[in-house]
Amino acid sequence: MNKVGEMHFSSATNYFLAMEESADAPMLELTHNHDQTEPYEMGDGYSHVAFTVDDLEGTVAGLEEQGVEVALAPKTMTVEGHDYRIAFVVDPDGYRIELLERGTMKVGEIIQ
């Protein structure tokens, strides 16, 4: 795997790894939390999987109709001058699942 991008926040840095630098390639995101000293708790937003979806609002609304808990309603976040659309839902075991709107996530030079 090769590092294909980074995303810098005030308290963390996300590193993105993939076999190839392509929007179609699966990516692994590793997070370095600068000030984390305690062990992570289940469902605290870390140690989660993420999926890209074509219609973030529609996907979240459909999941909500099926009784899925929404931890973070769809919203736009700006990181390093780039806007992306994100939401979190909670699985039956209490873990958060990140949903990203396809075409809004910028990783290095890749728009995923």
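Where a number appears in this text, it was derived from the coordinates with a stated rule and is not lab data. The shown structure was predicted, so the numbers you read here are calculated from the model rather than taken from an experiment. Here the Cβ is made from the backbone with ideal geometry for all residues, glycine too, and neighbour counts use every protein chain on show.
Structure data summary
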item	result
Test for Phe9: is it within 13 Å of the chain's Cα centre (by Cα) and in contact (Cβ under 8 Å) with a residue 12 or more places away in the chain	no
Inter-residue pairs, beta-carbon under 7 Å, first under 18 Å from Ala61 (Cβ atoms) and touching a residue at least 40 places away in the same chain (Cβ under 8 Å) and in region 83-110, second surrounded by fewer than 16 Cβ atoms within 10 Å (Cβ to Cβ) and acidic (Asp, Glu), 6+ apart	Val90/Glu69; Ile97/Asp91; Arg102/Asp54
Residue among Val49, Val89, Val79 that is of a type in the set (Val, Ile, Thr) and either buried (at least 16 other Cβ atoms within 10 Å of the Cβ) or more than 26 Å from Met1 (Cα to Cα) (or both)	Val89
